[in-house]
Amino acid sequence: MNLLSQKLNIAVISLLISFFTLLPVHSVAAKDKVAKRHTSCINMSTKTLRRRAKPYHKSITKHAKRYGVDANLVRAVMAVESCYNRTALSPKDAQGLMQLIPKTAARFGVSDSYNPDQNIRGGTNYLKILTKRYKGNMIKAIAAYNAGEGAVDKYKGVPPYKETQRYVKKVLHVYAKLSGKKVGNLSFTANSKFSYNKNGRVSTSYNSPFAAGKPGRSGLAMNKLKAPQLYKN
């Protein structure tokens with residue numbers, strides 16, 4: 001019986017090893033590495049960015065022309081989203097080069113988000129929809145790609161979310177490198193400013209709607225008028 005038990009234990013251990021070996025490689029550690037690559041991609045030289053985007057040049061050019069989207073905008077979004085990593089997977093299940101979540105992929109008929117051509121088609125189509133929705137306003141389109149149309153519509157511009165504001169700055173930073181163009185007259189919301197500094201980098205400041213509020217009841221009433229969304233039950 002002891003010999004039989006030992007053999008059974010060995011068999012069970014072998015099966016477990018085989019099972020864990022076949023699990024997807026998208027571990028937490030792998031996701032952390034992907035996130036670090038995304039950050040480092042923002043600071044790459046124009047030459048390096050173009051080299052990393054080169055394998056997808058044909059698909060980018062084809063779909064950018066098809067949907068009437070600036071090809072350098074597609075490259076910039078791709079750089080920030082995945083750093084041109086076709087197998088990138090975020091903790092929120094955004095997948096591939098342009099980080100399509102399953103819902104967005106389905107919306108644009110993408111059956112395999114890890115297929116570069118399909119992923120680029122879906123992401124570029126989405127940028128076209130957003131650009132058209134915001135009448136050619138690139139800033140709003142980029143913000144909506146990150147935060148969704150609802151948030152941009154609500155705040156009538158880039159919403160006051162740190163993640164989205166950083167995202168917009170990163171995309172514009174890469175876009176400026178690739179295209180040689182700076183997007184001027186930038187605006188987040190009525191309470192924020194978005195501009196380039198003397199070094200050509202994008203900077204932003206957010207002015208609180210409470211700055212002019214007075215203390216006491218009158219100040220509270222004024223604040224409610226200025227930012228009613230913050231006082232909803």
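Considering each of N197, N146 in turn, give the residue that is polar (S, T, N, Q), at pLDDT 95 or above and either in contact with a Ser or Thr (Cβ under 7 Å, 6 or more places away or on another chain) or at positive phi (or both). Result of the check over N197, N146: N146.
Among helices (runs of 4 or more DSSP H) entirely within segment 48-148, having at least 3 residues that are crowded, with 24+ Cβ neighbours inside 10 Å singles out 71-82, 116-133, 138-147.
Might you check whether a residue that is closer than 25 Å to K182 by Cβ, acidic (D, E) and touching a residue at least 40 places away in the same chain (Cβ under 8 Å) occurs anywhere in segment 72-90? Spell out the reasoning first.
First, the residues of segment 72-90 that are closer than 25 Å to K182 by Cβ: 72-84.
Narrowing the set further to residues that are acidic (D, E) leaves 81.
Subset that is touching a residue at least 40 places away in the same chain (Cβ under 8 Å): 81.
Checked against the condition, which is being closer than 25 Å to K182 by Cβ, acidic (D, E) and touching a residue at least 40 places away in the same chain (Cβ under 8 Å), segment 72-90 yields at least one hit.
Give G123, G150, G136 a once-over and let me know the one that is more than 20 Å from H173 (Cα to Cα) and small (G, A, S). That would be G150, the only listed residue that is more than 20 Å from H173 (Cα to Cα) and small (G, A, S).
Among the residues that make up segment 27-43, is at least one of them modelled with pLDDT of 95 or more, in contact with a helix residue (DSSP H, G or I) (Cβ under 6 Å, 6 or more places away or on another chain) and either among the aliphatic types (A, V, I, L, M) or loosely packed, with under 14 Cβ neighbours inside 10 Å (or both)?
First, pick out the residues of segment 27-43 that are modelled with pLDDT of 95 or more: none.
No.
Taking each residue of segment 116-132 that is touching a residue at least 40 places away in the same chain (Cβ under 8 Å) and looking for partners that are in a helix (DSSP H, G or I) and aromatic (F, W, Y) with beta-carbon atoms closer than 7 Å, six or more apart or interchain, yields P116/Y56; I120/Y56; T124/Y67; N125/Y67; L127/Y145; K128/Y67. If you go through segment 149-177 and keep only what is in a loop (DSSP other than H, G, I, E, B) and under 16 Å from L49 (Cβ atoms), you end up with nothing.
The values are calculated or read from the model by the stated rules, or taken from the named source; none is laboratory data. In this text the structure is predicted, and so the values were computed from the model without any measurement. For neighbour counting, all protein chains shown are included, and Cβ atoms are generated from backbone atoms with ideal geometry for every residue, glycine included.
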